[in-house]
Amino acid sequence: MSKMSFRWIVTLAMLAVGVVPVIALSLVFVTKAYNMSRSNALEGLQLMAEGGASRAEQEIRLLKTRLEFLAQDSDMEFAVRSLAFVERADRLVRDYRANNSLVNEIWYFNARKEVVASAPIAVEMLAPNKDMEFSSEELFGTNPSPRELSVFKKCHTRDNQLAMCFFQAVWGIHGDVVGVIAIQVKFSQVAAVVLSHFEPSIGVRLYSQEGKLVFAPERIQESEDLFLRFRAPVTLRRSLNEEKNLSPVLFVLELSDRIEERLKPVHSMVVQMVLYLLAVFVTIISVSIAVARYLLRPIQSMTRVVGAYRQGAFAAQTEQVEFFEFQEFMDTLNSLGERIQFYTQQVAEDACRESALKRVVAEVELQTLKNQMKPHFLFNALNNIVTLVGIDPEKAQQLLVKLSELYRLILAQTEKIVIPLADELSIVENFLALQLVRFEKRLSFEILCDVDRNHVFVPGLVLQTLVENALKHGIEPCREGGKIQVRICESEVGAVLPYQVEVTNTGQPLRSQERNNGKGLENTRRRLALIDGESHGLTLESTNAGTRVKFFFSGKQYD
């Protein structure tokens, strides 16, 4: 390390002790204060939005209630039957609009969709706009409930602004709908009513139930990031006790306020805290540099020796310094270097000897286990042939020929601990072909290999041993015989070893004694453990449907 490197190490250490706690505490405090201020601002805005939504709902409920009373006036019913009552209906309609500031336009239609009365009265307004094309059946159904509810729809004003329309049925004395009163409420009028209760900095937007903007005054058409916002739905509740989610949403009210106005005190506090931290930071840096210069010489000496130790030169020695605390440490460091050099050499020599010894022991044990399998297989094969000599000499002769060919393949792998999967499958195929001479139609087999059999390696005779066990304990005791399947494929995701083997047979299930006392299976388990460790996971499952042996292997070549 250079001289400056030592100085900055000490400086940074002192900074960590002096500045980091201050910064950490300050950040925690500032963050908490900011979050609390923002949370309080949002809660206040939420309360205002909910209050504004409630006021809008109250106005609309009042509007609906008056509309229902207007529809129940007998003059409205008589107006569609006699021209003498049209002027009275027209005056009622004008009075309703004059007493309800939210209403933009109002029409009264008879059953033939003819305008009986409207307000404001103008020649061009004697007929409703295009949104007023309706029938009483479309609005209230074929069998409406008398005097029960009004219908809400979205519509457009004559200047093509989005608005709300409420339709109220006028019932006749015979219980039929004789007319429909339609009122149109502009969203801008609703926003004006809500705004009248808040301070000028608050902005109001109205959204449809689907989230589409339906009203936004020009004064809040600025960047979305500059505002805190909260939304509250405005519904068609009939009373304050009715749940909001049971009533259709007319629109969604959004209140917004500038973040800078709400969080101005927090921003001022953050600026003051940053200036204070900068002053503390500069002071501590100055003190740290001075201390680093004073301590530089002994630290440089120790660093030089440690660097030499890092390169393996444990014979390096430190120089003499005037600080007795450092000198004592340096003497200890010199002594440790000498001891480390001695023990490192000794450990390296011991590790080489131990590694060589373990390799020899493993190779000897693997070869011993493999050699144990050869006479075991040969004994079983010859025992089967001896049994057939007196029964079927010709078949016994065929078995001897197959055995000779098979054993030639086995002897070719004598000196190898693992062999290519292709060679092992050839041994299994020849072995099963040999057994077909004996079992005939009682035996069938299938070999499925989904991996590269020429570049994947397995312990020699491990598959042959499992197939032989399947014949001996599964197929042979079963009168009907059965099928043997050998499947090699890649392991599932998450397995420790990349490949897996499954050997299944559909013969007689194993007895508990056969499961625990099989020497061939124990030999296989020990060989897999020596090559791939205990992660081979060899398992045996036997049910009435058959027996399956499964294990995992690495597929690597064992040098």
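The values are calculated or read from the model by the stated rules, or taken from the named source; none is laboratory data. All of these numbers come straight from a predicted model, not from anything done at the bench. Glycine also receives a Cβ, built like all others from the backbone with ideal geometry; neighbour counts cover every protein chain displayed. Just the protein is used for accessible areas: all its heavy atoms, side chains included, with ligands, DNA and RNA removed. Shrake-Rupley method; radii C 1.70, N 1.55, O 1.52, S 1.80 Å.
Meeting the requirement of 1 or more residues that are modelled with pLDDT of 85 or more, of a type in the set (Lys, Arg) and within 26 Å of ARG453 (Cβ to Cβ), the strands (runs of 3 or more DSSP E) wholly within segment 499-559 are 546-553.
For (1) modelled with pLDDT of 75 or more; (2) more than 53 Å from the chain's Cα centre (by Cα); (3) under 21 Å from ASN469 (Cβ atoms); (4) open to solvent by 20 Å² or more (accessible area, probe 1.4 Å), each residue gets a yes or a no:
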site: ASN380; (1), (2), (3), (4): no, yes, yes, yes
site: ILE391; (1), (2), (3), (4): yes, yes, no, yes
site: VAL401; (1), (2), (3), (4): yes, yes, no, yes
site: THR414; (1), (2), (3), (4): no, no, no, yes
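Considering (1) touching a residue at least 12 places away in the same chain (Cβ under 8 Å); (2) within 44 Å of the chain's Cα centre (by Cα), the lone condition that ALA470 does not fulfil carries the number (2). Counting just the residues of segment 216-244 that are farther than 21 Å from THR65 by Cα and open to solvent by 80 Å² or more (accessible area, probe 1.4 Å), which one comes out modelled with the lowest pLDDT? Among those that are farther than 21 Å from THR65 by Cα and open to solvent by 80 Å² or more (accessible area, probe 1.4 Å), it is GLN221.
All told, GLY546 falls short of being closer than 15 Å to VAL418 by Cβ, crowded, with 16+ Cβ neighbours inside 10 Å and of a type outside the set (A, V, I, L, M, F, W, C). Counting only residues that are open to solvent by less than 40 Å² (accessible area, probe 1.4 Å) and among the hydroxyl-bearing types (Ser, Thr, Tyr), segment 156-202 holds 2 of them.
Contact list please: Cβ distance under 9 Å, first residue in segment 108-120 and aromatic (Phe, Trp, Tyr), second residue in a loop (DSSP other than H, G, I, E, B) and open to solvent by less than 30 Å² (accessible area, probe 1.4 Å), pairs at least six apart or on different chains. Filtered contacts from segment 108-120: PHE109/PHE134. Residues that are within 15 Å of ALA163 (Cβ to Cβ) and hydrophobic (A, V, I, L, M, F, W, C) were ranked within segment 203-215; the one that is most open to solvent (accessible area, probe 1.4 Å) is LEU213. Consider segment 425-462 and keep the residues that are open to solvent by 40 Å² or more (accessible area, probe 1.4 Å), in contact with a strand residue (DSSP E or B) (Cβ under 8 Å, 6 or more places away or on another chain) and among the polar types (S, T, N, Q). The one that is nearest to CYS478 (Cα to Cα) is SER444. For segment 58-102, a tally of residues being among the hydroxyl-bearing types (Ser, Thr, Tyr), assigned to a helix (DSSP H, G or I) and either over 60 Å from the mean Cα position of the chain (by Cα) or at pLDDT below 85 (or both) returns 1.
Checked against the criterion of being over 27 Å from GLY175 (Cβ atoms), in contact (Cβ under 8 Å) with a residue 40 or more places away in the chain and exposed (fewer than 15 other Cβ atoms within 10 Å of the Cβ), the candidates SER101, SER39 yield just one match: SER101.
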